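Down below is the structure, laid out as C-alpha cells.
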Amino acid sequence: DEAALAERFERTVAAEERIEPRDWMPEAYRKTLIRQIAQHAHSEIIGMQPEGNWITRAPSLRRKAILLAKVQDEAGHGLYLYSAAETLGVDRAELLDLLHAGRQKYSSIFNYPTPTWADVGAIGWLVDGAAIVNQVPITRCSYGPYARAMVRICKEESFHQRQGFEILHHLSSGTPEQHAMAQDAVDRWWWPSLMMFGPPDDASPNSARSMAWKIKRFSNDELRQRFVDMAVPQAEALGLTLPDPELRWDAESGHYRFGAIDWTEFHEVLRGNGPCNALRVEHRVRAHEEGAWVREAADAYAAKHAARAGA
Ligand code: FAQ
C-alpha cells in the first residue's frame, strides 16, 4: 500500500541510494524533478545561442573548431537531460512546447548578449565555472538518471571552463585593446553569473524540500559562495579584476565577502525583460519550426518500418 511505498522511498533517500524510474515516488518529487531537469535541459539548448553567435567569426580555425565542439556538447547535454526527464513520464515534445510558450524557464544567464569575442571566454570561464559548481553536487542527486547524466556533463563542462579561461588569458596578456576587451566582458558577466545560483536562501521557495529529498545538496547561497571563493584567485591569475568594490578576503570565515546582488535585475530577466529574452525564444521557435520536416521524415520512416515488420 501507499504508506509502505512512501516509507520505502524515504528509506532509500535516507540511505543515499538512488530512486530509479520504476520505483514509486511521491507526485511532488516527480513534479519537482521534471521542473528542474526540464529547466536545465532548456538552458543547455538556449545556451547554445550566445556562443553560437561567434562560430562564424572565431578569430582562427583552431578557435572555431574548439567553439563548434563546445556548442555541440551543449546540444548533447540538452539531449541527455531531456531523456532523463522522459524517464519521469513526460515527452520531450511536450517540454519544448512549454519552453516555446514561455511556460517553463531556462537559466537567466542566457539572456545577455555576446557583442565581442571575449564574451566567449567569459562564458566559458564564469558561466561554465558556475555550472560546474552547481552541477557537481547533482552527481549525488537522489534520482538516478539525473545523477548519472551529470557525471558526463560535468566532465565536459570542465573542459569548457578551461577553454574559456585560456581565451581570456590570451586576451588579457595581449595588446592593451585585447586586455580591455577581456576586462569589459568580465565586467558584464560577473554579476549575472552570481545570479545563476538562484535567489538567496531566504527567498528560495523550492530549496528546503529539494534538499530534504537530496535533489539539491547545498543551498543557493552556499554554492554561490563556493563559486566566488574559486573565481577570485583565478581572476588574479588572469590579471583581470572583478567589478565589485566590496569584494574582500575575510580571514575569520575563510571566505571572500562580496557586495549586494541586484535582485531586481534577476527578477526582470525571469519575467522576460532581460536584454535578449525575446530574441532567444524567437530564435528557438524558428529553429523548431524549420526542423519540422526532419521530425516528419523520421516519423514517416518509423511508420514504414513498423508496417514492414507487421507485414
Ligand atoms: N534562472 O526556489 P529556487 C548550463 C527559478 S548551466 C532562471 O531557488 P530551485 C550549462 C527557479 O526555477 C544553467 N530561473 O529554485 C551551460 C524557481 O522557479 P520555478 C542551467 C531561476 O530549482 C553553460 C524560482 O526561480 N543549470 O546550462 C534561476 O530550487 C554554458 C525560485 O528558485 C541548471 O539548471 C536562474 N538562474 O533552484 C550551457 C542547474 N534561479 O521553477 C551553455 C540545475 C532560480 O519554481 C553554455 N538547477 N530560478 O517557477 C538547479 O540547480 C536549480 O534549479 C537552481 C534553482 C539552483 C537553478
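Observations
- Net +/- balance of residues flanking Ala58 in space, Cβ distance below 13 Å, scoring K and R +1, D and E -1: +3
- In the chain, a dipole from Cβ-located charges (positive for Lys and Arg, negative for Asp and Glu) runs towards its positive end, and of Ser83, Val281, Ser193 it is Ser83 whose Cα lies farthest in that direction.
- For the chain, built as a Gaussian network whose Cα springs stay under 10 Å, the top-fluctuating residue of Ala131, Ala69, Ala251: Ala251
- Rounded to whole Hz, the Karplus (6.51, -1.76, 1.60) HN-Hα couplings of segment 93-110, x for glycine and proline: 4, 5, 5, 5, 4, 5, 4, 5, 8, x, 9, 10, 8, 9, 4, 3, 4, 7
- Anisotropy class of segment 156-200 from Cα gyration tensor, a/c 1.5 cut: oblate
- Check: the chain dipole with +1 on Lys, Arg Cβ and -1 on Asp, Glu Cβ, in debye: 880 debye
- In the elastic network of the chain, a GNM with C-alpha springs shorter than 10 Å, the most mobile of Gly102, Gly144, Gly124 is Gly102.
- Here, segment 1-131 is characterised by an Rg to Rh ratio of 1.10, where Rg is the alpha-carbon radius of gyration and Rh the Kirkwood radius.
- Cβ crowding within 10 Å averaged over residues, with 10-18, 181-189, 73-81 ranked highest first: 181-189, 73-81, 10-18
- Highest average packing first - 284-297, 55-68, Cβ atoms within 10 Å: 55-68, 284-297
- Electrostatic tally near Glu156: other residues with Cβ closer than 10 Å to its Cβ, Lys and Arg +1, Asp and Glu -1, net -1.
- For the chain, alpha-carbon Rg relative to the globular expectation (2.2 N^0.38 Å, N residues): 1.08
- Computed over Cα pairs, the Kirkwood radius of segment 1-74 leads via Stokes-Einstein (0.692 mPa s, 37 °C) to a diffusion coefficient of 210 µm² per second.
- log₁₀ of I(q)/I(0) at q = 0.12 Å⁻¹ - segment 117-273, Debye sum with one point per alpha carbon: -0.57
- Size descriptor, Kirkwood hydrodynamic radius, that averages inverse alpha-carbon separations across segment 77-155, Å: 14.3 Å
- Computed packing ranks the peptides 28-35, 159-166 as 159-166, 28-35, most packed first, by mean other Cβ atoms within 10 Å.
- When both segment 186-229 and segment 244-311 are represented by their alpha-carbon centers, they are found 18 Å apart.
- Computed on the Cα trace of segment 249-311, the radius of gyration divided by the Kirkwood hydrodynamic radius gives Rg/Rh = 1.47.
A short reminder: the numbers here are calculations on the coordinates, not readings from a lab. Keep in mind the model is a prediction, meaning the values are calculated, not measured. Every residue, glycine among them, receives a Cβ derived from its backbone with ideal geometry; neighbour counts consider all protein chains shown.
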